[in-house]
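Below: one structure, written as structure tokens.
The numbers here are math on the coordinates, done by the rules we state, and not lab data. If you're wondering where the values come from, they're calculated on a predicted model, not measured in any experiment. Cβ atoms come from the backbone with ideal geometry, glycine included; neighbour counts cover every protein chain shown.
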Amino acid sequence: MRVLVSQRTVDGPHGDPRDALEHTYVRFFERHGLEVVPVSNASGEVARYFDLPAAGVVLTGGNDVGASADRDRTESALVTGAVARRLPVLGICRGMQFLNVYFGGTLVTDLSTHRAWSWQRPGQMHRVQIVDAGALEWIGAPVFEVNSFHQQGVTIATLASSLRAFAQDTDSDIVEGVFHPGLPVAGVQHHPERRDGGCLPDDRLIDAFRQRRGYWTCQ
């Protein structure tokens, strides 16, 4: 299964804009039978990537939403193209946040102002709970540990009205997983690709995306 994967933007040593994709994404997705096709933020023809053909879209982490106009434009085109073709979309970290903004929600732009920030630091493990009964069938665990590497975030109050939460931090209102009830679109706030070892809930989540089950069932 070939998937289109967004990339972060970085500045080169002379201020020249570049795209970057962490190796962890490639290794993680290849372990799950997914062939990664990086999409350039410089492309003016993002829609042509769908002609490869592509079977899904992954929005990766890195860069705050709004920090890179080129990346925001590219990811908007990827989501629009996937929705038009009824292809599954998976958002990871910033990717989940972008989905929330794309569908009309907003973000807490600086979680240092949030009451959960005193314990939820970048890289720190914490617990999330599944809050949508349907997800339990294929994730298989009501509570499990995830990592956090984000400054921005989605809360229950800022969640897009067209999206639903399926995972939430156990000790706060921070949303850890979202899905669209009418489209094969979902995302998670944590980084499953950054785990040193396997995690059964993460494996089941990625397998559901790959096999078009759960929230990624395409009608």
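Structure summary
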read-out: Rounded to 5, percent antiparallel among DSSP beta bridges of the range 2-216; value: 60
read-out: Rg over Rh, two decimals, the chain (C-alpha only, Kirkwood Rh); value: 0.93
read-out: Highest-MSF residue in the chain out of Asp173, Asp202, Asp11 [GNM, Cα springs under 10 Å]; value: Asp11
read-out: Computed magnitude of the charge dipole of the range 8-69 (debye, nearest 20; Cβ of K, R +1, Cβ of D, E -1); value: 140
read-out: Percent RCO, i.e. relative contact order, over the chain, from Cα pairs under 8 Å lying at least 6 residues apart; value: 20
read-out: Computed label-point distance, nm, for sites Thr113 and Gln211 using a 7 Å Cα→Cβ extension; value: 4.3
read-out: Dipole axis of the chain (+1 Lys, Arg; -1 Asp, Glu on Cβ), positive-most option in His126, Ile206, Cys93; value: Ile206
read-out: Ranked list, fewest to most other Cβ atoms within 10 Å of each Cβ, for His150, His23; value: His23, His150
read-out: Packing-based order for 26-38, 156-168, 182-194, 43-55, using average beta carbon neighbours within 10 Å, highest first; value: 182-194, 156-168, 26-38, 43-55
read-out: Within-15-Å neighbourhood charge of Ala42 [Cβ basis; K, R +1; D, E -1]; value: -2
read-out: Charge dipole (debye, nearest 20) of the range 59-112; +1 at Cβ of Lys and Arg, -1 at Cβ of Asp and Glu; value: 300
read-out: Residues Cys218, Cys93 arranged by fewest to most Cβ contacts within 10 Å; value: Cys218, Cys93
read-out: MRE, 222 nm, helices only [DSSP H, n ≥ 4, -39500 (n - 2.57), over the chain, to nearest 500]; value: -7500 deg cm²/dmol
read-out: Compactness relative to 2.2 N^0.38 Å, alpha carbon Rg of the range 1-67; value: 1.17
read-out: Highest-MSF residue in the chain out of Ser76, Ser148, Ser112 [GNM, Cα springs under 10 Å]; value: Ser112
read-out: Cβ charges +1 (Lys, Arg) and -1 (Asp, Glu), total dipole of the range 2-216, debye; value: 400
